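Worksheet for the structure shown next.
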Amino acid sequence: MTDKITLNNEEDYLNLKAAINAGKKPANILRIMLQAMENYRQSKKYGWSRPWNKYDTVTFQSFVLNHSDAGLRKIALELIQCEFLTIPQAAQEFVDDLLSSGNQLMGYVFMFEYNDKGQLYEGAVLSYGRICGTNRRFRDRLDIIVESPVVKGISKGLARIRVYADPYRDHESATVAIR
């Protein structure tokens with residue numbers, strides 16, 4: 001087995017998933033298999049897996065949002081409207097539709113550390129999504145990421161905000177805004 005596995009289609013994905021679930025491979029091989037599965041999931045926009053919340057990122061705490069956290073939806077919308085005056089119309093319509101999708105809306109907060117070209121950041125992701133269509137793996141996503149640089153172990157305050165509006169139906173790149 002090589003250091004890399006490439007999945008070309010859904011059948012490859014399902015076969016690899018079955019092999020992982022069997023658990024009969026050594027840990028180093030399982031790691032390679034899991035990375036291949038994760039790469040495939042990201043390329044197909046399955047579940048919550050997106051490259052901007054995986055690579056060079058260490059998530060150390062996560063929280064599931066519920067309906068009592070509705071105030072966060074309002075804050076998310078206000079933040080986008082105040083900080084990103086030039087967001088494309090299609091992205092704004094997607095955000096409005098997603099955040100008003102009622103019981104379909106799922107939300108999470110992820111606390112993380114992120115290394116960007118040698119600079120350590122800590123931050124949080126306010127992540128909203130909903131199942132898209134009939135397959136539970138397909139998700140529309142909105143991620144609002146706030147980051148603070150860490151210098152000598154001390155957070156230096158809000159330095160940047162990144163927003164990813166990522167409708168599942170759009171198999172191209174997510175709309176990204178950075179401030």
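The values are calculated or read from the model by the stated rules, or taken from the named source; none is laboratory data. Not measured: the values here are computed from a predicted model. Glycine gets a Cβ as well: all are built from the backbone with ideal geometry, and neighbour counts include every protein chain shown.
Scanning segment 90-109 turns up at least one residue that is within 17 Å of Ile161 (Cβ to Cβ) and part of a strand (DSSP E or B). Being within 21 Å of Arg139 (Cα to Cα), touching a strand residue (DSSP E or B) at 6+ places or on another chain (Cβ under 7 Å) and not in a loop (DSSP other than H, G, I, E, B) is a property that does not hold for Ala70. Taking (1) part of a strand (DSSP E or B); (2) of a type outside the set (Gly, Ala, Ser); (3) surrounded by 12 or more Cβ atoms within 10 Å (Cβ to Cβ); (4) under 16 Å from the mean Cα position of the chain (by Cα) in turn, Gln61 satisfies each apart from (3). One residue stands out in segment 43-58 among those that are at pLDDT below 70 and either in a helix (DSSP H, G or I) or in contact with a Gly (Cβ under 7 Å, 6 or more places away or on another chain) (or both): the one that is farthest from Phe110 (Cα to Cα), namely Pro51.
Screening segment 123-138 for residues that are of a type in the set (Gly, Ala, Ser) and under 30 Å from Gly157 (Cα atoms) and picking the one that is nearest to the chain's Cα centre (by Cα) gives Ser127. Restrict the check to segment 20-42 and report whether at least one residue is exposed (fewer than 14 other Cβ atoms within 10 Å of the Cβ), outside any helix (DSSP H, G or I) and modelled with pLDDT under 75. Checked segment 20-42: no residue is exposed (fewer than 14 other Cβ atoms within 10 Å of the Cβ), outside any helix (DSSP H, G or I) and modelled with pLDDT under 75. Where residues in segment 142-179 are of a type in the set (Gly, Ala, Ser), assigned to a loop (DSSP other than H, G, I, E, B) and modelled with pLDDT of 85 or more, which of them is surrounded by the most Cβ atoms within 10 Å (Cβ to Cβ)? Selected residue: Ala159. Scanning segment 1-19 for residues that are surrounded by 14 or more Cβ atoms within 10 Å (Cβ to Cβ) and outside any loop (DSSP other than H, G, I, E, B) turns up Asp12, Tyr13, Leu16, Lys17, Ala19. State whether the residues of segment 105-114 include one that is at pLDDT below 85 and under 21 Å from Leu158 (Cβ atoms). Looking through segment 105-114, at least one residue is at pLDDT below 85 and under 21 Å from Leu158 (Cβ atoms).
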